[in-house]
């Protein structure tokens, strides 16, 4: 129950108890709290033992689905879909997340040089007709994504 409470939190609780209850009543309050927790733990252990005795081997049959639920609790949505709907085959999900063309998402794209070089023309290239600069290419459009 208090497995995640560290020493810092315990000291904070003692200081709050010292301020609220005072130094005279604090040791009695700590004794009462520890006794109540011990008694509650004993009741739970006795109840578990009684259930195990009443159910016998069926008790273990009840624990198996709970273990499966605990495994599912730790899964991400992608892992759950892969395991239960796709029988462990991730190729379908990988195909859905790859871009249509171009570099993969998240890969480094080479930056354009800051200073023009001799190989780079200073004027925009002419279009196919030769009557002026080329029109910019249309942006990629995915009709399935809209």
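Structure above, values below:
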read-out	value
Sorted peptide list for 51-57, 76-82, criterion being average Cβ within 10 angstrom, highest first	76-82, 51-57
Cα-only radius of gyration and Dmax that characterise the stretch 1-47, units Å	12.8, 37
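Where a number appears in this text, it was derived from the coordinates with a stated rule and is not lab data. Since the model is a prediction, treat every value here as computed from it, not as a measurement. Virtual Cβ from ideal backbone geometry, glycine too; neighbours counted across all protein chains shown.
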